[in-house]
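The values are calculated or read from the model by the stated rules, or taken from the named source; none is laboratory data. As the structure is a computational prediction, the values presented were derived from the model and not from experiment. Glycine gets a Cβ as well: all are built from the backbone with ideal geometry, and neighbour counts include every protein chain shown.
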Amino acid sequence: MNELEQQLQQAARLLQDKRIAEAEMLCRSVLARAPLHADALHLLGLVRKQAGSPADAEMLMRQSIQLQPKRADFHGNLGNLLHAQKRSQEACEVYRIAVGLDPRHALAHLGLARALNDLEKFTQAETQCRILIRLRPKDAQAWSTLASALRGQARLNEAEDAYRRAVALQPQYAAAHHNLGALLAEMDRAEDALAELDRAHALGLMTREAALNRGHAFLKLYRLEDAEREYLAAIGLQPQDVDAHRSLARLRFMTGHAQFAGELLKALAQHPDAIGLHMLFVELMRDAGDIARAEEALRAIIVRWGNAPMLHSALSSLLMQSGRIEEAETQARLAAAGAPDHPAIVENLISVQLLRARPEEALAWIRKFRSRDPLEQRWIAYEATAARLLGDSLYEELYDYDALVRSYDVQPPKGWNSISEFNAELEVVLNARHRFAKHPLDQSLRHGSQTARSLLADSDPLIKAILKQFEEPLADYAAALESSETHPLASRNRSRPRIDKCWSVQLRKEGFHVNHIHPQGWISSAYYVGVPAETQDAAAASGWIKFGEPKLPIPGCSPEHQLQPRSGRLVLFPSYMWHGTTAIHGPEPRTTIAFDAVPEGERK
């Protein structure tokens with residue numbers, strides 16, 4: 001070993017010990033004597049990376065690669081540098097060169113998998129993880145990265161198994177415990193989630209993401225003060241974080257906090273250039289019904305930051321809600337011209353075109369997006385509305401109320417004499433979960449509350465019993481569907497329905513549901529647990545479910561079908577069908593369970 005190599009080895013040890021300045025001095029000493037020494041250039045690049053100078057690091061690493069292009073480790077380290085800068089696509093290209101040069105380069109496979117996950121190329125990431133696991137079956141990071149890839153594909157049970165393998169291999173792996181906890185929270189297993197998040201916290205993981213996920217878990221457990229504390233902690237760690245501010249504001253709104261956006265306003269005063277926080281304020285004001293304040297804030301954003309398509313689209317939505325349709329159309333067209341492939345932007349334009357009685361124009365956009373995402377229920381809903389305005393028979397096919405809206409008298413579970421007796425006790429259980437003073441900001445109900453956690457994850461025996469009773473009506477509904485390869489409801493009827501999401505809603509005085517659809521569903525529902533006496537008045541129709549009326553007041557599209565709520569009645573209908581409720585007016589609440597079902601085994 002010559003003197004230069006000895007100096008480089010010493011520099012590498014100094015870098016490992018985080019003695020950055022000394023390591024850099026040695027590297028530069030070598031380069032002064034051998035300016036084209038590839039290893040010295042590359043090591044200096046690693047030193048500059050650690051010193052917080054990524055531009056210098058990249059230049060040096062690329063110089064070393066020019067000198068020795070066949071070095072897989074050089075490419076792998078450059079990939080790590082690019083990935084750390086969130087340049088994931090470039091990182092992938094460099095990692096692929098590394099694994100091409102050395103198919104057993106484990107760290108390059110790991111980096112490539114992580115970068116692919118960042119790009120949401122989850123199946124490709126899974127492939128890289130499985131290659132890596134064959135090379136290193138006891139690599140906890142490989143299993144954790146595989147779990148992330150599986151989670152991205154909505155293969156949640158497999159993701160859980162992979163995360164558990166990671167923490168079994170490396171019990172002190174705080175990030176894996178945290179990610180497992182976040183996954184379990186997503187699966188509504190809040191108790192299990194909190195246990196894993198607590199383990200991560202005990203291992204020293206105190207990040208914004210960890211605090212936010214702990215807040216989510218506490219919320220699902222109705223530990224509202226704990227949830228608020230964690231959301232505040234997340235904001236303290238990252239004051240401009242939009243998700244943390246949104247979570248805190250939504251929680252405070254539901255608990256009746258008068259200044260629910262107060263923390264956000266403080267952050268805006270301290271960080272006036274944070275456009276994400278400004279847009280969140282617009283969103284919160286809109287969802288809280290303060291359209292004028294939302295519009296004022298949004299117009300200030302447009303003046304300051306310019307004419308981005310998303311800003312024009314957001315303004316179009318506010319103008320539609322305030323009934324200024326011509327102005328809304330101008331904004332919607334500007335937005336769609338700038339971003340013609342953005343679903344949310346085009347959806348606003350479609351809404352304007354339907355409001356302006358231009359269904360032919362709307363259909364051109366609708367069919368474009370339906371072809372891309374045929375299971376997305378909103379495009380079906382808009383296509384049906386356009387067909388209705390055109391007098392097209394497609395509307396009667398999609399909105400065949402006699403065939404597609406069906407009511408069932410649910411039988412009492414075993415051990416109960418009547419469904420009314422069962423529902424009386426079930427309502428007590430549900431009341432204990434309706435702890436919020438106000439409705440969620442992002443849902444269709446008004447003047448009421450919704451459970452914070454999916455009822456599918458609830459361990460109460462009464463809730464489990466009623467969910468079991470829904471299986472027979474669901475099977476009957478699916479069996480009654482006529483066979484069709486083209487109808488968007490019947491064409492998916494290839495396996496038994498499986499309840500995918502489930503929640504409870506309680507409407508209180510003047511409570512109602514805004515007209516809406518369920519974008520990710522197939523068959524949707526309303527099951528009536530507790531029903532106020534006022535619903536028996538057919539003339540008033542208080543609290544009745546109504547069908548056919550879109551969320552916006554499109555001329556010629558009034559409600560066409562209504563059903564009276566009765567305790568023990570289950571109503572099933574297509575998820576794409578517009579539905580809402582009339583308001584109840586008395587003090588007695590209306591308590592329901594709702595769910596979306598999808599075909600067993602279907603993956604969207």
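Among the residues of region 213-242, those identified as part of a helix (DSSP H, G or I), of a type in the set (D, E) and farther than 18 Å from Q259 by Cα are D226, E230. Taken together, E397, E360 contain a single residue that is over 21 Å from H579 (Cβ atoms), over 29 Å from the mean Cα position of the chain (by Cα) and either of a type outside the set (S, T, N, Q) or modelled with pLDDT of 95 or more (or both), which is E360.
For the residues G76, G52, the requirement of being on the phi < 0 side of the Ramachandran plot and either in a loop (DSSP other than H, G, I, E, B) or in contact with a helix residue (DSSP H, G or I) (Cβ under 8 Å, 6 or more places away or on another chain) (or both) singles out G76.
Would it be correct to say that E427 is acidic (D, E) and modelled with pLDDT under 95? Taking the combined requirement at face value, the residue does not satisfy it. Meeting the requirement of 2 or more residues that are in contact with a strand residue (DSSP E or B) (Cβ under 8 Å, 6 or more places away or on another chain), in contact (Cβ under 8 Å) with a residue 60 or more places away in the chain and of a type in the set (A, V, I, L, M, F, W, C), the helices (runs of 4 or more DSSP H) wholly within region 357-450 are 419-431.
The residue pairs whose first member lies in region 471-500 and is in contact (Cβ under 8 Å) with a residue 12 or more places away in the chain and under 15 Å from Y408 (Cα atoms), whose second member is surrounded by fewer than 15 Cβ atoms within 10 Å (Cβ to Cβ) and among the hydrophobic types (A, V, I, L, M, F, W, C), and whose beta carbons are closer than 9 Å, counting only pairs six or more residues apart or on different chains, are A480/A403. Scan region 110-125 residue by residue and report those that are under 21 Å from the mean Cα position of the chain (by Cα) and either under 12 Å from R96 (Cβ atoms) or among the charged types (D, E, K, R) (or both). Correct list: R114, A115, L116, D118, E120, K121.
When you go through A244, A261 one by one, which is the residue that is surrounded by 18 or more Cβ atoms within 10 Å (Cβ to Cβ), under 18 Å from E209 (Cβ atoms), among the small types (G, A, S) and in contact with a Phe, Trp or Tyr (Cβ under 7 Å, 6 or more places away or on another chain)? Before you say what the answer is, go through the steps one by one.
Working: A261 fails: under 18 Å from E209 (Cβ atoms).
Step by step, each of A244, A261 is checked, and only A244 is surrounded by 18 or more Cβ atoms within 10 Å (Cβ to Cβ), under 18 Å from E209 (Cβ atoms), among the small types (G, A, S) and in contact with a Phe, Trp or Tyr (Cβ under 7 Å, 6 or more places away or on another chain).
Taken over region 459-479, the residue count meeting the criterion of being closer than 30 Å to D400 by Cβ and either in a helix (DSSP H, G or I) or of a type in the set (D, E) (or both) is 13. Annotation: of all residues in region 185-198 being modelled with pLDDT of 95 or more and among the aliphatic types (A, V, I, L, M), the one that is surrounded by the most Cβ atoms within 10 Å (Cβ to Cβ) is L197.
Of the helices (runs of 4 or more DSSP H) that lie entirely inside region 106-178, those containing 1 or more residues that are more than 19 Å from A84 (Cα to Cα), modelled with pLDDT of 95 or more and not acidic (D, E) span 122-135, 140-152, 156-169.
I'd like to know if region 55-72 contains one or more residues that are under 26 Å from the mean Cα position of the chain (by Cα), surrounded by fewer than 22 Cβ atoms within 10 Å (Cβ to Cβ) and closer than 29 Å to A21 by Cα. Please lay out each step first, then the result.
Taking region 55-72 and keeping what is under 26 Å from the mean Cα position of the chain (by Cα), we get none.
There is no residue in region 55-72 that is under 26 Å from the mean Cα position of the chain (by Cα), surrounded by fewer than 22 Cβ atoms within 10 Å (Cβ to Cβ) and closer than 29 Å to A21 by Cα.
Exactly one residue among L251, L237 is surrounded by fewer than 21 Cβ atoms within 10 Å (Cβ to Cβ) and among the aliphatic types (A, V, I, L, M), and that residue is L237. Do you know which of the residues in region 264-282 that are crowded, with 19+ Cβ neighbours inside 10 Å and touching a residue at least 24 places away in the same chain (Cβ under 8 Å) is farthest from V303 (Cα to Cα)? Across region 264-282, the extreme among qualifying residues is A267. The set of residues in region 465-502 being surrounded by fewer than 18 Cβ atoms within 10 Å (Cβ to Cβ), touching a Pro at 6+ places or on another chain (Cβ under 9 Å) and closer than 22 Å to I593 by Cβ consists of A465, K468, E471, A475, R496, R498.
When you look at S53, is it over 23 Å from G79 (Cα atoms) and among the polar types (S, T, N, Q), yes or no? No, not satisfied.
When residues of region 368-394 are filtered for being acidic (D, E), within 32 Å of the chain's Cα centre (by Cα) and closer than 20 Å to A357 by Cα, how many remain? Let's see the steps before the verdict.
Going through region 368-394, the residues acidic (D, E) turn out to be 373, 376, 383, 392.
Applying the additional criterion that residues be within 32 Å of the chain's Cα centre (by Cα) yields 373, 376, 383.
So of that shortlist, the ones also closer than 20 Å to A357 by Cα come out as 383.
Total satisfying the criteria: 1.
From the list D198, D192, D188, D161, the lone residue that is free of Cβ contacts under 8 Å to residues at least 40 places away in the same chain and in contact with a helix residue (DSSP H, G or I) (Cβ under 7 Å, 6 or more places away or on another chain) is D192.
Residue by residue, here is whether (1) out of contact with any strand residue (DSSP E or B) (no Cβ under 7 Å at 6 or more places or on another chain); (2) surrounded by fewer than 17 Cβ atoms within 10 Å (Cβ to Cβ); (3) of a type in the set (A, V, I, L, M) holds:
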site: E534; (1), (2), (3): yes, yes, no
site: A538; (1), (2), (3): yes, yes, yes
site: K546; (1), (2), (3): no, no, no
site: S558; (1), (2), (3): yes, yes, no
site: F573; (1), (2), (3): no, no, no
site: T581; (1), (2), (3): no, no, no
site: T591; (1), (2), (3): no, no, no
site: F595; (1), (2), (3): no, no, no
site: E600; (1), (2), (3): no, yes, no
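Set side by side, the residues A336, A300 differ, and just one is part of a helix (DSSP H, G or I) and surrounded by fewer than 15 Cβ atoms within 10 Å (Cβ to Cβ), which is A300.
Within region 513-532, is there a residue that is within 22 Å of R569 (Cα to Cα), touching a residue at least 60 places away in the same chain (Cβ under 8 Å), surrounded by fewer than 21 Cβ atoms within 10 Å (Cβ to Cβ) and aromatic (F, W, Y)? Within region 513-532 (the criterion being within 22 Å of R569 (Cα to Cα), touching a residue at least 60 places away in the same chain (Cβ under 8 Å), surrounded by fewer than 21 Cβ atoms within 10 Å (Cβ to Cβ) and aromatic (F, W, Y)), the answer is no, since none of the residues qualifies.
Just need a number here: residues in region 1-29 that are over 15 Å from G52 (Cα atoms), assigned to a helix (DSSP H, G or I) and among the acidic types (D, E). Break it down into steps so the answer makes sense when it comes.
Going residue by residue through region 1-29, those that are over 15 Å from G52 (Cα atoms) are 1-14, 16-17, 22, 25-29.
Within this subset, residues satisfying the condition of being assigned to a helix (DSSP H, G or I) are 3-14, 16, 22, 25-29.
Pick out the ones that are also among the acidic types (D, E) and you get 3, 5, 22.
Residues flagged as over 15 Å from G52 (Cα atoms), assigned to a helix (DSSP H, G or I) and among the acidic types (D, E) within region 1-29 amount to 3.
When L26 is tested against (1) over 21 Å from L112 (Cα atoms); (2) surrounded by 13 or more Cβ atoms within 10 Å (Cβ to Cβ); (3) modelled with pLDDT of 95 or more, only condition (3) is not met.
Can you spot a residue in region 423-433 that is more than 20 Å from E347 (Cα to Cα), of a type in the set (D, E, K, R) and either buried (at least 17 other Cβ atoms within 10 Å of the Cβ) or under 22 Å from the mean Cα position of the chain (by Cα) (or both)? It would help to see each step written out before you state the result.
Here is the first cut: in region 423-433, the residues more than 20 Å from E347 (Cα to Cα) are 423-433.
Checking which are of a type in the set (D, E, K, R) leaves us with 425, 427, 433.
Filter once more, keeping what is either buried (at least 17 other Cβ atoms within 10 Å of the Cβ) or under 22 Å from the mean Cα position of the chain (by Cα) (or both): 427, 433.
Yes - at least one qualifying residue is present in region 423-433.
Quick one: E588 ticks every box in (1) under 24 Å from R370 (Cβ atoms); (2) assigned to a loop (DSSP other than H, G, I, E, B); (3) among the acidic types (D, E) except a single one, so which number is it? Going through (1) under 24 Å from R370 (Cβ atoms); (2) assigned to a loop (DSSP other than H, G, I, E, B); (3) among the acidic types (D, E) one by one, E588 breaks only (1). The set of residues in region 35-49 being more than 39 Å from the chain's Cα centre (by Cα) and part of a helix (DSSP H, G or I) consists of A38, D39, A40, L41, H42, L43, L44.
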